[in-house]
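Enquirer: Before I ask anything, let me first share the structure, which is written out below as structure tokens.
The values are calculated or read from the model by the stated rules, or taken from the named source; none is laboratory data. The structure displayed is predicted, hence computed values, not measured ones. Every residue, glycine among them, receives a Cβ derived from its backbone with ideal geometry; neighbour counts consider all protein chains shown.
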Amino acid sequence: MPSTGADQDRPTALIVGASRGLGHAMAAELLDRGWSVIGTVRDTTTRTPLHDLADRSGGGVSVEHLDINEPDHLAPLHEHLTHRQLDLLFVNAGTTNNEQTPIGAVPTSDFAHVMITNALSPMRVIEALEDLVSPTGLIGAMSSGQGSITNNTTGGREVYRGSKAALNMFMRSFATRQSETQRTFVLLAPGWIRTALGGPDAPFTVEESVPLLVGVLLSKLGIPGLAYLDRSGQTVPW
Ligand SMILES: NC(=O)c1ccc[n+]([C@@H]2O[C@H](COP(=O)([O-])OP(=O)(O)OC[C@H]3O[C@@H](n4cnc5c(N)ncnc54)[C@H](OP(=O)(O)O)[C@@H]3O)[C@@H](O)[C@H]2O)c1
């Protein structure tokens with residue numbers, strides 16, 4: 001699967017939201033697997049683990065700038081990447097709020113921030129950059145098992161759950177609009193992982209999780225259609 005990029009022998013991935021946490025670890029895992037990786041950070045003034053990875057990568061990782069909630073950032077990013085063909089576009093960036101707050105007590109500003117960051121902005125990114133993706137490439141986003149309506153038997157994390165369910169719905173609409181395509185679309189449910197967002201009580205480490213997640217993504221390359229998958233590659237019920 002040739003890519004037009006810095007190293008034409010390697011497939012190319014764009015990981016959006018790769019400064020730290022799962023996105024950074026996915027960038028590192030893809031580099032280890034021989035990919036050329038473009039990762040985005042939203043803050044241009046702070047050095048992040050992605051910058052360290054890029055420095056160590058011998059040109060295998062490059063860093064771009066994108067705050068997914070700033071639509072004006074998308075055209076310059078597209079312009080920078082015009083000559084790259086992406087085999088994988090994955091939007092990892094996401095956020096949460098105070099997870100104990102029941103939905104009726106959530107401040108409107110918190111609701112808007114989580115919904116925009118987790119549902120609207122990832123789809124804006126995908127729609128703005130999808131023409132850079134190979135006709136047989138993979139477009140994905142980091143969803144969550146919390147986005148499954150079927151599996152919600154406990155409540156809690158209500159805005160977060162709603163935002164990931166909305167992301168799933170928007171991705172399904174996007175994929176359905178492209179029903180003739182040979183591309184793959186993946187919504188990942190990574191499991192509860194110890195990151196800044198996941199918190200210290202999560203059962204899984206980043207180190208044990210990310211090879212599984214990247215393996216699931218890459219196993220779907222070349223298989224057209226939309227899948228909502230967990231860390232084992234099993235389908236999550238909508
Ligand atoms: N950890 C879990 O248990 C878990 C479970 C299910 C799903 N997820 C999902 O996995 C994804 C990554 O989460 P994580 O656990 O790795 O969390 P994290 O360590 O808090 O990292 C969040 C990442 O998203 C980026 N981000 C947030 N808002 C952004 C924005 N407006 N524009 C650009 N980047 C933005 C952050 O960038 P900055 O460094 O600039 O803040 C950071 O790179 C999220 O979508 C999350 O919902 C996580």
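Enquirer: Please verify whether residue 61 is away from the ligand (no atom under 14 Å from the Cβ), of a type in the set (Val, Ile, Thr), more than 25 Å from residue 200 (Cβ to Cβ) and buried (at least 20 other Cβ atoms within 10 Å of the Cβ), treating the condition exactly as stated.
Expert: Against the criterion (away from the ligand (no atom under 14 Å from the Cβ), of a type in the set (Val, Ile, Thr), more than 25 Å from residue 200 (Cβ to Cβ) and buried (at least 20 other Cβ atoms within 10 Å of the Cβ)), residue 61 qualifies.
Enquirer: Then there is this: Give me the residue from region 153-185 that is away from the ligand (no atom under 13 Å from the Cβ) and in contact with a helix residue (DSSP H, G or I) (Cβ under 6 Å, 6 or more places away or on another chain) and, out of that set, farthest from residue 103 (Cα to Cα).
Expert: 185
Table: residues versus (1) within 11 Å of the ligand (Cβ to nearest atom); (2) at positive phi; (3) surrounded by fewer than 16 Cβ atoms within 10 Å (Cβ to Cβ); (4) not acidic (Asp, Glu).
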site	(1), (2), (3), (4)
31	no, no, no, yes
54	no, no, no, yes
67	yes, no, no, no
70	yes, no, yes, no
108	no, no, yes, yes
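Enquirer: Has region 130-142 got at least one residue that is buried (at least 21 other Cβ atoms within 10 Å of the Cβ), within 11 Å of the ligand (Cβ to nearest atom) and more than 19 Å from residue 90 (Cα to Cα)?
Expert: Looking through region 130-142, none of the residues is buried (at least 21 other Cβ atoms within 10 Å of the Cβ), within 11 Å of the ligand (Cβ to nearest atom) and more than 19 Å from residue 90 (Cα to Cα).
Enquirer: Considering only residues that are of a type outside the set (Ser, Thr, Tyr) and farther than 19 Å from residue 155 by Cβ, which ones fall in region 105-118?
Expert: Matches in region 105-118: 112, 113, 116.
Enquirer: Do you know which residues across region 1-36 are modelled with pLDDT under 95 and among the β-branched types (Val, Ile, Thr)?
Expert: Matches in region 1-36: 4 only.
Enquirer: Select, from 212, 229, 197, the only residue that is modelled with pLDDT of 95 or more and either assigned to a strand (DSSP E or B) or touching an Asp or Glu at 6+ places or on another chain (Cβ under 6 Å) (or both).
Expert: That would be 229, the only listed residue that is modelled with pLDDT of 95 or more and either assigned to a strand (DSSP E or B) or touching an Asp or Glu at 6+ places or on another chain (Cβ under 6 Å) (or both).
Enquirer: Could you say whether any residue in region 143-152 is over 18 Å from residue 21 (Cα atoms), within 10 Å of the ligand (Cβ to nearest atom) and at pLDDT 95 or above?
Expert: Yes, region 143-152 contains a residue that is over 18 Å from residue 21 (Cα atoms), within 10 Å of the ligand (Cβ to nearest atom) and at pLDDT 95 or above.
Enquirer: Something else now. Filter region 165-190 for residues that are buried (at least 18 other Cβ atoms within 10 Å of the Cβ), not in a helix (DSSP H, G or I) and not hydroxyl-bearing (Ser, Thr, Tyr) and give the result.
Expert: Listed by number, the residues that qualify are 183, 185, 186, 187, 188, 189, 190.
Enquirer: Identify all residues within region 33-52 that are away from the ligand (no atom under 11 Å from the Cβ), of a type in the set (Gly, Ala, Ser) and either in contact with a Ser or Thr (Cβ under 9 Å, 6 or more places away or on another chain) or closer than 17 Å to residue 92 by Cα (or both); write none if there are none.
Expert: Selection gives 36 alone.
Enquirer: In region 191-202, which residues are surrounded by 15 or more Cβ atoms within 10 Å (Cβ to Cβ) and either among the charged types (D, E, K, R) or more than 6 Å from the ligand (Cβ to nearest atom) (or both)?
Expert: Those that are surrounded by 15 or more Cβ atoms within 10 Å (Cβ to Cβ) and either among the charged types (D, E, K, R) or more than 6 Å from the ligand (Cβ to nearest atom) (or both): 191, 194.
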